[in-house]
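Here's the structure we're looking at; comments come further down.
What follows is calculated from the coordinates using simple rules that are stated; it is not laboratory data. Here the structure is a predicted model, which is why all the values come from computation and not from measurement. Methodologically, a virtual Cβ is constructed for each residue, glycine included, from the backbone with ideal geometry; neighbour enumeration extends over all protein chains shown.
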Amino acid sequence: MAGSFVWEDRKRIIFGLPFTFTTYHLTKEKLLIRSGILNTKEEEIRLYRIMDVTLNRSLWERLFGLGTIHCCSADKSTPEFDIRWIPHSADVKETLSNMIEAERETKRVSSREFMTDEGDDEMM
């Protein structure tokens, strides 16, 4: 299965070294975030559901050549998440953005489909 990933990395913590148990795996259709060693958790976010992608780079991250990508999605279980402390973060963000747009075109999904009127919930 490792050959089917477009990109993969681990969250870094100590001087840019991947010394954590969180891994990121990007396929053509989804982003997988796996964390934990004894108790594990795997989050799966479909690319077409990601609404916004932002790159944040603190001073410390810039010193070590890292960055954090913040994503907002229409996924109910994972409305916001971070891809933390990764190298080449600007390139990864650009790749992710392009893949999101391609997947939306393939599935014929527009951002309007994820917007709801807050008054709709009150009517039920």
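Assorted remarks:
- Cβ-based charge dipole, segment 2-109, positive-most Cα from L55, T40, H70: T40
- Note on E42 and W60: the extension gain reaches 3.7 nm, defined as 0.36 nm multiplied by sequence separation minus the Cα-Cα distance.
- Under the convention that each Lys and Arg Cβ holds +1 and each Asp and Glu Cβ holds -1, the size of the dipole of segment 2-109 around its Cα centre is about 140 debye.
- Under conditions of 25 °C and 0.890 mPa s, segment 1-51 yields 208 µm² s⁻¹ as its translational diffusion coefficient, taking Rh as the Kirkwood radius over Cα pairs in the Stokes-Einstein equation.
- The structure-derived value of Kirkwood radius over Cα pairs in Å appears in the list (1) 15.6; (2) 21.5; (3) 15.2 under the label (1).
- For the chain, the longest principal axis of the alpha carbon atoms and the long axis of helix 89-107 meet at an angle near 30°.
- Packing, taken as the mean count of other beta carbons within 10 Å per residue, orders the peptides 32-38, 6-12 from highest to lowest as 6-12, 32-38.
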